[in-house]
Amino acid sequence: MRGIALGHLEDGESGWMSLSGGDLMPGLVGCSYEQKLMEGEFVEEDLRLDLRGSQAEIHAVLARLEGLAWQIQLDGSGAQPSALYLRIWDDTQHAYWHSRVWEARLESLRGHWQALERGSVSVCLVIRRENHFDGAESALPVGNTGGGGLGGVVVWNHDDSGAGHDSWFSISTASLGLAEPAPLKLAITNLDAQALGDVFIGGLQVSGGGSVPKLTLEGEAGSGATVVSRTDASGGAFGRYTWVGDAWQPVGSWSISMEDASLLNGRRLRPLARLAGALTERIVLRVAVGRAGESGQAGAVALAPSGAEMVVLGSARVPAWKVVNPVAAHNVILQARAEGAGTHQLDLDYLLLMPTDGFRHYCNVGGLPMGATLMEDGFLNQCWTVKDGLSWVSHAVVGEGLLLNPGSENRFYLAQLGLDGQAGITRAVRVLAWYRPRKRVL
């Protein structure tokens, strides 16, 4: 391992300050660094810097170090300059690795300042950095049943038996040798003539034999549904549910097989309900999960917005608790409640049990026009939009972030809304992906 430097990602090579193994500033002899191995999100480490030369040269080196340390401090307005990184060249892998530095300070070594007049001194640069290193960015092949590759894949706003009708994309991770969850970069291009509004993405880590649980539940397949055929519905039909009274009612139920319950293993899911018809009254919804024959454990209540086609429901676990080997099938139960003693109606196209092994809600700010691309870089922690050489912000980001997890496959499920809250099944985006390998130990 050689080639230690400090700097900013947007700087050219001349903007990085080499501490060892490169073009060193006059007066800087070298750097001694030992990586600490410890748990936690951050780690504090010492870099011993040996200086030798004229006092002007030594003071120039110290001034550059102080400047780098000062740049990462918050100013009075709360703004923060460009992120500072520790960069290390790994000879064995012929690659640079970066770790973001959040704090830095210079400390003197005992008895060394007296030697400054003789043109030789050692100081300690103490840094507090993220407890991992990220490697170079690489493009990823992405796909679903409609094809894919390095050029991306088309993701639709429904998932039925039609060829290529997938609301998800998959990334094979078996050959990547991931040691840690790795930051993911996505490019999402709107293919629809109508501007793209809110977007939801949830990740599912697939391990072992690569089996994937069924997460899209068709409305017409739920118990108690009246099947209504319609070409603009997922699977060519939706489920109509009716009930009487103002109490909570289990309006639809879907069976989760024992195998799928085992694969999910108590994961937290975020159900999204696509409605097939506009609501004519106030209806609140929630999802309950329980073993077959049980009423289940209900999640948080969500009010279905007037005129919206997509309702984000309260999170649920399937099964409702983590178990090593589920011994029974489970049911996902959609419960509804409306005001008044009369008859109420809910038209449901599908219920997407969006996984949350990483979750993002891109909240619409100005809309994503046709042909524009929404970018998010998990390494830089930035989200922006590009089209025709222009860059702006069209969406705000909510959620814990998307990572590429170790395992055999990572699958990401999408839900797309227009600016008017409509969630037509023919909406589509093209998705491309990149990643950076992440390690704690180099």
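When segment 201-215 is limited to residues that are out of contact with any Gly (no Cβ under 6 Å at 6 or more places or on another chain), of a type in the set (A, V, I, L, M) and part of a strand (DSSP E or B), the one that is farthest from Ser167 (Cα to Cα) turns out to be Leu204. The sole residue among Ser207, Ser167, Ser172, Ser161 that is under 30 Å from Asp388 (Cα atoms), over 16 Å from the mean Cα position of the chain (by Cα) and in contact (Cβ under 8 Å) with a residue 60 or more places away in the chain is Ser167.
In the set Asp420, Asp347, which member is acidic (Asp, Glu), exposed (fewer than 15 other Cβ atoms within 10 Å of the Cβ) and either closer than 30 Å to Arg240 by Cβ or over 16 Å from the mean Cα position of the chain (by Cα) (or both)?
Exactly one residue qualifies, and that residue is Asp420.
Here is the figure for segment 251-290: residues that are farther than 19 Å from Thr216 by Cα and in contact with a strand residue (DSSP E or B) (Cβ under 7 Å, 6 or more places away or on another chain) total 4. Remark: pairs (first residue in segment 266-287, within 19 Å of His330 (Cβ to Cβ); second residue surrounded by fewer than 23 Cβ atoms within 10 Å (Cβ to Cβ) and of a type in the set (Ser, Thr, Tyr); Cβ separation under 6 Å; 6+ apart in sequence or on different chains) = Arg268/Ser315; Arg268/Thr356; Arg270/Ser315; Arg270/Thr356. For Val227, state whether it is among the aliphatic types (A, V, I, L, M), under 28 Å from Gly424 (Cβ atoms), in a strand (DSSP E or B) and free of Cβ contacts under 8 Å to residues at least 24 places away in the same chain. In short, yes.
For segment 376-391, name all the residues that are surrounded by fewer than 20 Cβ atoms within 10 Å (Cβ to Cβ), in a strand (DSSP E or B) and either within 20 Å of the chain's Cα centre (by Cα) or not assigned by TED's automatic domain parsing to the domain that holds Ala292 (or both). Those that are surrounded by fewer than 20 Cβ atoms within 10 Å (Cβ to Cβ), in a strand (DSSP E or B) and either within 20 Å of the chain's Cα centre (by Cα) or not assigned by TED's automatic domain parsing to the domain that holds Ala292 (or both): Asp377, Gln382, Cys383, Trp384, Val386.
Between Ala341, Ala316, Ala300, Ala328, the distinction of being touching a residue at least 40 places away in the same chain (Cβ under 8 Å), surrounded by fewer than 17 Cβ atoms within 10 Å (Cβ to Cβ) and either within 19 Å of Ser253 (Cα to Cα) or basic (Lys, Arg) (or both) belongs to Ala328 only. Among the residues of segment 265-310, just one is touching a helix residue (DSSP H, G or I) at 6+ places or on another chain (Cβ under 9 Å) and assigned to a loop (DSSP other than H, G, I, E, B), namely Ala276. Answer yes if at least one residue in segment 85-95 is hydrophobic (A, V, I, L, M, F, W, C), free of Cβ contacts under 8 Å to residues at least 60 places away in the same chain and in the same structural domain as Cys124 (by TED's automatic domain parsing), and no otherwise. Yes, some residue in segment 85-95 is hydrophobic (A, V, I, L, M, F, W, C), free of Cβ contacts under 8 Å to residues at least 60 places away in the same chain and in the same structural domain as Cys124 (by TED's automatic domain parsing).
Within segment 350-365, residues that are in contact (Cβ under 8 Å) with a residue 60 or more places away in the chain and assigned by TED's automatic domain parsing to the domain that holds Glu218 sit with their Cβ atoms under 6 Å from residues that are not charged (D, E, K, R) and not in a strand (DSSP E or B), at 6+ positions apart or across chains, in these pairs: Tyr350/Gly219; Tyr350/Ser234; Leu353/Leu215; Gly358/Leu402; Arg360/Leu402.
Taken over segment 35-71, the residue count meeting the criterion of being more than 20 Å from Phe133 (Cβ to Cβ) and of a type in the set (A, V, I, L, M, F, W, C) is 11. Say whether the condition of being in contact with a helix residue (DSSP H, G or I) (Cβ under 6 Å, 6 or more places away or on another chain), farther than 24 Å from His165 by Cβ and not in a strand (DSSP E or B) is met by at least one residue in segment 328-342. Yes: one or more hits.
The values are calculated or read from the model by the stated rules, or taken from the named source; none is laboratory data. Treat the numbers as computed from the prediction; the structure is a model and nothing was measured. When we count neighbours, we look across all protein chains shown, and the Cβ atoms used for this are built from the backbone with ideal geometry, even at glycine.
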